[in-house]
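The values are calculated or read from the model by the stated rules, or taken from the named source; none is laboratory data. Model, not experiment: these values are computed from the prediction. Quick reminder, even Gly has a Cβ in these numbers, built from the backbone with ideal geometry, and neighbours come from all protein chains shown.
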Amino acid sequence: MTSSAAFARHRSRPFSVLFRVAAIAGALVLAGCVGRDDLVVEPAVPAADLYAEGIAAYEARRFGDAIDAFADLDRRYPYSEQGRRGLVLMADAQYNLSRWGESIASAERYLLLYPNGADADMALFLIGEAYLRQVPDVTRDQGAAARGRAANIELVERFPNSPYAEQARLNIVAVNDQLAGQEMLVGRYYQERRDYVAAVNRFRVVVVDYGDTRHVEEALFRLTETYLAMGLVSEAQTAAAVLGHNFPNSSWYQQAYNLLGAGGLEPRRGGGWLGGLFRN
């Protein structure tokens, strides 16, 4: 190869590299121009305007529109005063549309961001109500009822003077009755199948944890029955005695009294966990 040819090849390499760099740079510029044309810049809508839009829709009961406005407000101004209030109103709008899971999520997010916020009691109330709306009958799983009960208990304990507190107390009573009813259902199932230990455990839960419900009288009678079937006479007599002491006019007590009498027994106060249930 001649020296002139080698020199020409050597000179061509930088130009080749420079050409490729220029081509790539040009492509990037073009791509940038195309991307810039496609960019969508959101208008700077003030938080007050978004809040006013949501309030107008909320008060007109256009809850879907209210949710959209409050969601936009929460996305753009999550820690603003309007965003704080809008978040709990969004939970209420979702509740009104029977969107229970979304309502719970929004209310829980409010409590996470503002645990001591001005609307914390409302958020707890919405959580409790949304869970209770999902409660099936006593033959189904009661997980939603338990979570609703927990929210209502927290509301009453933290905000006893809240305008939502009285309804929360009524909800607790209703949920306790529901949960006790399921325990009785399961307890009777075990009793019928002679799984007496499991039955006793269920009836005991009703007596100890849900003693202020209408199911406690039957639970004490079932304990009398079950303990007798197990041969635990003293426990059966004590269960009947507790029933008679606390509910002397109950038809369940009359049945327990007759059941013991058929075996020459009578209600008698004893010890154990049942012995501590006598009320003054």
Here the residues within region 219-265 that are of a type in the set (Gly, Ala, Ser) and over 17 Å from Asp195 (Cα atoms) are Ser234, Ala239, Ala240, Ala241, Gly244, Ser250, Ser251, Ala256, Gly261, Ala262, Gly263, Gly264
ask   = Is it the case that some residue within region 44-66 is in contact with a Pro (Cβ under 9 Å, 6 or more places away or on another chain) and either at pLDDT 90 or above or within 30 Å of Val135 (Cα to Cα) (or both)?
value = no
Within region 146-193, the count of residues that are under 18 Å from the mean Cα position of the chain (by Cα) and farther than 15 Å from Val216 by Cβ comes to 23
Of the residues in region 103-135, those that are closer than 21 Å to Ala57 by Cα and part of a loop (DSSP other than H, G, I, E, B) come to Asp119
Within region 194-223, of all residues that are modelled with pLDDT under 95 and not in a helix (DSSP H, G or I), the one nearest to the chain's Cα centre (by Cα) is Tyr210
Of the residues in region 136-161, those that are in a loop (DSSP other than H, G, I, E, B) and modelled with pLDDT of 85 or more come to Phe159, Pro160, Asn161
Note on region 249-274: residues in a helix (DSSP H, G or I) and surrounded by 14 or more Cβ atoms within 10 Å (Cβ to Cβ) are Trp252, Tyr253, Gln254, Gln255, Ala256, Tyr257, Leu259, Leu260, Leu274
Notebook entry, point to check: Given the structure, is Val88 surrounded by 21 or more Cβ atoms within 10 Å (Cβ to Cβ) and either farther than 24 Å from Gln178 by Cβ or modelled with pLDDT of 95 or more (or both)?
Noted result: yes
Of the conditions (1) closer than 24 Å to Val205 by Cα; (2) touching a residue at least 40 places away in the same chain (Cβ under 8 Å), the single one that Ser162 does not satisfy is (1)
